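One structure is given here, and the rest of the page talks about it.
The values are calculated or read from the model by the stated rules, or taken from the named source; none is laboratory data. Just so you know, these numbers come straight off a predicted model, no measurement behind them. FYI the Cβ positions are ideal-geometry reconstructions off the backbone, even for glycines, and counts take in every protein chain you see.
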Amino acid sequence: MTRVERAAMSSRTSSVLLSSLLAAAMCASAADRIQPPKPTEEELSAYMPDGAKIETRLDADVTGDGMADVVFVAANDEVRVLRVMIAYVDEFNTGHEPIGEAAMEPYPLGSASLSVKKGVLLVEDLTGGTTAIQSLYRYRFDPKARRMRLIGDDVTLYSRTNAHDSTAISTNRLTGAQTVTRSVVGEDGYTDQPPQKKTVPTKPLYMEDAPMPAKTLDWGD
């Protein structure tokens, strides 16, 4: 091996070692990052409707900064809301600040489900009575706007007793593609009809402006 080849190999080894050390340092930094204390329900009550209680809560990283944010659904006898509070740490203080709120359908058939997968907040809900609305909303944090953007939603209106037809609407709010599938009820249950393809505006919709499932389905008042 020549002197030039030995020098090149040494340089490559040093680069690999430096990259490994930097990666390890970044992982350690994320793991050791200061975490604001988790707010209590009493502390969160200032961001709820009057007399509301937390129905379900998720403490997870929504923004991708390594800190645990707070997402919760709160309800009283009249209204339900979804709220997102993101964690912050600065030179003076730590805590959580509100960045989004959405109205939710009343009369839940059980608690809403909250989860985060690959940086996307998933909100699953089932409301109504014998006629029910099942919904799945997907939100992603927009760092420039510092708001939660609606990127997709799936809503279905159906009869829990097979008393009438059903309608399912799946919308990609980023591309504007929407699929409407109607199912006709018969003796053997529901039969899907050919899906209809539509388009909707792609202007950013944030959590505060997210259409409620009943509106998307054009159901009710």
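Candidates are the residues of region 133-146 that are assigned to a loop (DSSP other than H, G, I, E, B) and of a type in the set (Lys, Arg); the one that is surrounded by the fewest Cβ atoms within 10 Å (Cβ to Cβ) is Lys144. Glu78 meets the conditions (1) within 24 Å of the chain's Cα centre (by Cα); (2) modelled with pLDDT under 95; (3) part of a helix (DSSP H, G or I) in every case but one. The failed one is (3). What number of residues in region 36-59 are in a strand (DSSP E or B) and not polar (S, T, N, Q)? Residues flagged as in a strand (DSSP E or B) and not polar (S, T, N, Q) within region 36-59 amount to 6. Within region 153-190, the set of residues being hydroxyl-bearing (Ser, Thr, Tyr) and either at pLDDT 95 or above or in a strand (DSSP E or B) (or both) comprises Thr156, Tyr158, Ser159, Ser166, Thr167, Ser170, Thr171, Thr175, Thr179, Thr181, Ser183, Tyr190. Here Val62 meets each of (1) touching a Leu at 6+ places or on another chain (Cβ under 6 Å); (2) part of a strand (DSSP E or B) with one exception, condition (2). Tell me the residue from Thr63, Thr130 that is surrounded by fewer than 15 Cβ atoms within 10 Å (Cβ to Cβ), out of contact with any helix residue (DSSP H, G or I) (no Cβ under 9 Å at 6 or more places or on another chain) and hydroxyl-bearing (Ser, Thr, Tyr), please. From the options Thr63, Thr130, the qualifying one is Thr130.
Out of all the residues in region 85-98, is one or more touching a Leu at 6+ places or on another chain (Cβ under 7 Å), of a type outside the set (Phe, Trp, Tyr), at pLDDT 95 or above and within 18 Å of Arg138 (Cα to Cα)? First the steps, then the outcome.
Taking region 85-98 and keeping what is touching a Leu at 6+ places or on another chain (Cβ under 7 Å), we get none.
No, region 85-98 contains no residue that is touching a Leu at 6+ places or on another chain (Cβ under 7 Å), of a type outside the set (Phe, Trp, Tyr), at pLDDT 95 or above and within 18 Å of Arg138 (Cα to Cα).
Please determine, by comparing only the residues of region 147-164 that are without any contact (Cβ under 8 Å) to a residue 60 or more places away in the chain and charged (D, E, K, R), which one is surrounded by the fewest Cβ atoms within 10 Å (Cβ to Cβ). Filtering first and then ranking leaves Arg160. Restricting attention to region 114-129, the residues that are within 18 Å of Tyr158 (Cβ to Cβ), assigned to a strand (DSSP E or B) and of a type in the set (Gly, Ala, Ser) add up to 1.
Taking Thr171 as the residue in question, decide whether it is buried (at least 17 other Cβ atoms within 10 Å of the Cβ), closer than 15 Å to Leu217 by Cβ, touching a residue at least 24 places away in the same chain (Cβ under 8 Å) and among the polar types (S, T, N, Q). Here the answer is yes, as Thr171 does meet what is asked.
Could you say whether any residue in region 78-101 is out of contact with any Lys or Arg (no Cβ under 8 Å at 6 or more places or on another chain), free of Cβ contacts under 8 Å to residues at least 24 places away in the same chain and not acidic (Asp, Glu)? Yes, region 78-101 contains at least one residue that is out of contact with any Lys or Arg (no Cβ under 8 Å at 6 or more places or on another chain), free of Cβ contacts under 8 Å to residues at least 24 places away in the same chain and not acidic (Asp, Glu).
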